[in-house]
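What follows is one structure encoded as structure tokens, with my remarks underneath.
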Amino acid sequence: MTARIVVDPITRIEGHLRIEVEIQDGKIVDAYNSGTMVRGIEKILKGRDPRDAWAFTERVCGVCTTVHALASVRTVEDALDIVVPPNAEMIRNLMFAAQYMQDHVVHFYHLHAFDWVDVISALKADPAAAAGLAQSFSNWPRNSPGYFSDLQKRITKFVESGQLGIFQNGYWGHKAYKLPPEVNLIGVAHYLEALEWQKEIVKVHAIFGGKNPHPNYLVGGVPCAINLDEANALNAERFAMVQKLLEDAKTFVEQVYIPDLLAIASFYKNDWGAIGGGLTNYLAYGDLPVNGYQDVSQFKFPRGVILNRNLNEVMEIDGTDPEQIQEYIAHSWYEYTDGDTTGEHPWNGKTNLKYTGPEPPYDQLNVAGKYSWIKTPRWKGHPMEVGPLARVLVGYASGRDEFKEVVDAALKHLDVPVIALFSTLGRTAARGLETKLVAGWAMEIFNQLISNIKNGDTRTFNNSKWDPKTWPDEAKGVGLSEAPRGALAHWIVIKDKVIDNYQLVVPSTWNASPRDPYGQMSACESSLIGTPIADPEKPLEILRTIHSFDPCIACAVHMYDEKGTYVHQLQTF
Amino acid sequence: MSKKTPTLYEEIRSKGYSRRDFLKFCGMMGAMMGLEYSGVTRIVQAMEMKSRLPVVWLHFQECTGCSESFIRSSHPIVADIILDKISLDYTETLMAAAGQQAEENLHQTMEKYYGEYLLMVEGSVPTKNNTYCCIGGKTAYEILQEAAEGAKAIIAWGSCSCYGNVQAAAPNPTGATPVKRLIKGKPVINVPGCPPVAEVMAGVVVHLLTFDRIPQLDGLGRPKVFYSCRVHDTCYRRTNFDDGLFVESFDDENAKRGYCFFEMGCRGPITYNSCGVIKWNEGTSFPIQSGHPCIGCSEAYFWDNGPFYEIFSSVPDLGTETTADGISLTVGMAAVTNMTTYTVNKHPEKNTDPGR
């Protein structure tokens, strides 16, 4: 006897995601995920100036802001054969690093922590014991008895007000919560502290890009000029601020995020280190170029594919090969002119919105047919997991010492085998471990930037192809990047100086897509199979695994209506 | 529909007791608890205290950038807002509950605080086909109508819910529509920007709570306090514009000196926002300070007033298709004034300022 559970909305993610699962004997036996919102950004890009594309695509996502802007400028630069000056590459890298640290910390504390941390249990903690415990694994100066005691009083008062706000109706008291009250109190305290800290690190974006969310990017470089003798440009004061922000971020990651992650993981490792593994294939485009975007061998995050969890071989990816990356729509609300079972390379991606789901309000999707606004990408026909775990595994399997060091240290600390990485907890841990690497790399890159300026290079922009008159009549480009949530790529076709076709294949398209025409599940669906559900009314376990992917659905759904008629919307009011 | 939750004082009064009885009760409570008189005053205050304002934050066609901007606020910080100032009963981004429990929270607040809760909306609503945005099996359109009915007021966060924003850019494939066009008979505060400045968002909330009223709005429903000045008029590079000193290419000598971006397509002259005054991320910078022209993200249809790096040649849709609200005219006049100044100052050698 199977029972259907529907979780919609999946909260604490970006965007609108619906999960339907079949449960038999207390375990998930089948799973379907559906993106339930569509906007059509790609159709909107057609006919526009390619130099403007970064601004449009950046608005695909405000949680992983910057990532689409970066992928977009790379795509246009690839098409027009533009190489950006070293300073611009390093400034982009620093913005990338700031984004990773902010995004991963916010994910851990504000989107994922409530899956592991029971807020109500924290009220029963002994603040002095919590302080002792926190001090035993971290030097963070705020971990004092008085601090935890004040915090506990504040939360107690809040709960007693009877208005629980964002904590209302959480799965508090669920038997799958395993942390002692003291660890829960540490988690809640750092939830609030991280909320205050995350607004600091993004000031790096404000310095280089003028604002966050949605800082400015530029095809050919970065917009900010360097002039050490001018108040209105990047000067010593601005760089000093960047340095301090990066140092403080590294301290926060090392003294708060990583110790909390390991402490929480130590209580869940036995079950959640073996649940939620899902697919056995991992893909990473790699990123953080330290010798220019063209030199892939010097990327801090290496590029490659791992098949069947074989860590002895890393395969090569080619974004321009029409046979490698293809998108399917067998279960997505679109139609292809060549039939719904064919796969299309993004340069040829042609799609029409065609909703064939149930008439709302509905209780259940027709999962035998089409059931999502997300398309289904495949690499040489294989479903792929992308994201922190894929990046860390590709780094590890590529033999990079830095990856081996952090991974081996964490496995040793938790006393678990390598196989524990292939799990819900492994995914969550990989996110923390790569944040630690990025925090260190950010300092390296900053020092490199300063020494380059010291040597007399202040260029931040390559002007040679700015004027559209210098462009060929037709050009094609692909820009590869690693968003915090995983492998991100944009494809462009430029004709007669304007965009003729623009396609995005984003991390959550890989992870949260529906089945392909051959019935193969994508990463999120696959990872839910076999997960035990203690209480079908409160499916906490589903949230744990889905959140471990940090899905971003606004990113994943971005397709367009090819036949869409032009409706000029003017009467705003 | 039931009414809002009364305070203890209100409950006592509703049962027929006088305020004198209420104070006597508080005094007795104080005596029982062994408190001095000052302690009794605190009890009186606590009993009379209003409950935190219940808030429902809905998410439709959006990128969650407005939620992200909101949590960047430095004064007050967001933890203080959600723990002390409002009761954020529904927001898909931060709430612990999911699925059925999340829906319960929404409906509980809508019923219990009918007529009292504040509705915040992030994102536009697709109207070409309602199925382009569904949550919990219901359409965004239906959810908005239902939530708006019992709301005291509505805040439309960001350019998506104010104007439709990027997804409403031509050809607007999903029929993305702003909130104000779908809701009748409720005050809607439009807080545009992509996203709005964090402190502007927090400022609107604090204004409502501190002064117990909606801030004064302009003809487009925007709080005057934050949207009455053009970025151009509050820009610290404005003197360069007046003196005819312009950046001609990114990273050129003039860019390195911090000159004006008008020739690089800056939309500051036709954009109303606080960027030049409050700036971004606790006053760290704003787009022009960091070397990029303003793209006009708080204005309706700014996406279709491009390309961004060309001097804006016209005010969007001025003339044949304007609506009656007059905004296009205002903006148009502002643009014309600026263009005149620009033409006069285009050639720096004609400038008579001895300082240059």
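Taken together, the values in this text are just the output of simple stated rules run on the coordinates, not laboratory data. What you see is a predicted model; the values in this text were computed from it and never measured. Counting neighbours? That spans all protein chains shown, and the Cβs are built from the backbone with ideal geometry, glycine included.
Tell me, what is the FRET efficiency for A:ASP415 and A:GLN324 to the nearest 0.05, using R0 = 45 angstrom and their Cβ-Cβ distance as r?
Here the calculated transfer efficiency is 0.70.
Under a crude label model (7 Å from the Cα following the beta-carbon direction), how far is A:ASP500 from A:THR251 in nanometres?
5.5 nm
Have a look at A:ALA31, A:PRO141, A:THR458 and report the one farthest towards the positive end of the charge dipole of chain A, computed about the Cα centre with Cβ charges (Lys/Arg +1, Asp/Glu -1).
The Cα lying farthest towards the positive end belongs to A:PRO141.
Could you name the aspartates and glutamates in cross-link range of B:LYS24, using Cα to Cα under 17 Å and dropping any fewer than eight places away on the same chain?
Straight-distance partners of B:LYS24: B:GLU10, B:GLU11, B:GLU36, B:GLU48.
Projected onto the charge dipole of the range A:255-326 (+1 at Lys/Arg Cβ, -1 at Asp/Glu Cβ, origin at the Cα centre), which of A:LEU307, A:ASN270, A:VAL296 gives the Cα projection farthest towards the positive end?
A:ASN270
Mind putting a number on the dipole of chain A about its Cα centre? Charges go on the C-beta only, +1 for Lys and Arg and -1 for Asp and Glu, and I need it in Debye to the nearest 20.
Charge dipole, chain A, about its Cα centre: 660 debye, nearest 20.
Among the aspartates and glutamates, select those whose C-alpha is under 18 Å from the C-alpha of A:LYS454, and discard any that sit fewer than 8 residues away in the same chain.
A:GLU89, A:ASP229, A:GLU230, A:GLU237, A:GLU444, B:ASP251
Partner chain Cβ atoms within 10 Å, averaged over the residues of A:540-547 - can you pull that number for me?
Shielding by partners across A:540-547 averages 1.
Could you give the longest part of chain A that holds none of the GluC sites (Glu not before Pro) found in DSSP loops with at most 14 neighbouring Cβ atoms within 10 Å?
A:1-229
Output ³J(HN,Hα) for the range A:78-89: one whole-Hz value per residue in order, computed from phi by the Karplus curve 6.51 cos²θ - 1.76 cosθ + 1.60 with θ = phi - 60°, and x for Gly and Pro.
5, 5, 9, 6, 10, 10, 8, x, x, 4, 5, 4
For B:LEU58, what residues show an amide H to amide H distance below 5 Å, using hydrogens built from the backbone and excluding near sequence neighbours?
Amide H neighbours of B:LEU58: B:MET120, B:VAL121, B:GLU122.
Along the range B:63-69, what does the Karplus equation 6.51 cos²θ - 1.76 cosθ + 1.60 (θ = phi - 60°) give for ³J(HN,Hα), rounded to whole Hz, x for Gly and Pro?
10, 6, x, 6, 4, 4, 5
Give me the aspartates and glutamates in straight-line cross-link reach of A:LYS46: C-alpha distance below 13 Å, same-chain residues under 8 apart excluded.
A:ASP496, A:ASP500, A:ASP561, A:GLU562, B:ASP304
Roughly how many nanometres apart are two label points built 7 Å out from the Cα toward the Cβ at B:SER74 and A:ALA3?
A separation of 5.1 nm, rounded to one decimal place.
Charges at C-beta only: +1 for Lys and Arg, -1 for Asp and Glu. How large is the resulting dipole of the range B:53-226 about its Cα centre, in Debye rounded to 20?
640 debye
Just in the range B:72-177: which GluC sites (Glu not before Pro) are loop by DSSP and have at most 16 other Cβ atoms within 10 Å?
B:GLU116
Can you give the relative contact order of chain A as a percent, counting alpha carbon pairs under 8 Å and 6+ residues apart?
26 percent
Taking a label point 7 Å from the Cα of A:VAL29 along the Cα→Cβ vector, which residues of the range A:516-534 have an amide N closer than 11 Å to it?
Flagged as within label range: none.
Starting from the Cα gyration tensor of the range A:160-208, multiply each eigenvalue by 5, take the square root, and state the resulting semi-axes largest first in whole Å.
For the range A:160-208, the ellipsoid semi-axes come out as 30, 15, 10 Å.
Between B:LEU209 and A:GLN298, how many nm apart are label points set 7 Å from Cα along the C-beta direction?
For the pair B:LEU209/A:GLN298, the computed spacing is 5.0 nm.
5 Å is the cut-off here: which amide hydrogens, built 1.01 Å from N in the peptide plane, fall below it relative to A:LEU234, excluding neighbours closer than 5 in sequence?
Hits under the 5 Å cutoff: A:ALA225, A:ILE226, A:ASN227.
Could you run the Karplus curve 6.51 cos²θ - 1.76 cosθ + 1.60 with θ = phi - 60° over the range A:260-265 and give me ³J(HN,Hα) per residue in whole Hz, x for Gly and Pro?
5, 4, 5, 4, 5, 4
Under 5 Å between amide H atoms, partner at least 5 residues away or on a different chain: which partners does A:TYR371 have, H built in plane at 1.01 Å?
So A:TYR371 has HN proximity to A:SER332, A:TRP333.
Rounded to the nearest 20 debye, what is the charge dipole size of the range A:303-395 about its Cα centre when +1 sits on each Lys and Arg Cβ and -1 on each Asp and Glu Cβ?
Roughly 220 debye, rounded to the nearest 20.
Can you find, among A:PRO377, A:LEU245, A:THR342, the residue farthest towards the positive end of the dipole of the range A:3-556? Put +1 on the C-beta of Lys and Arg, -1 on that of Asp and Glu.
A:LEU245
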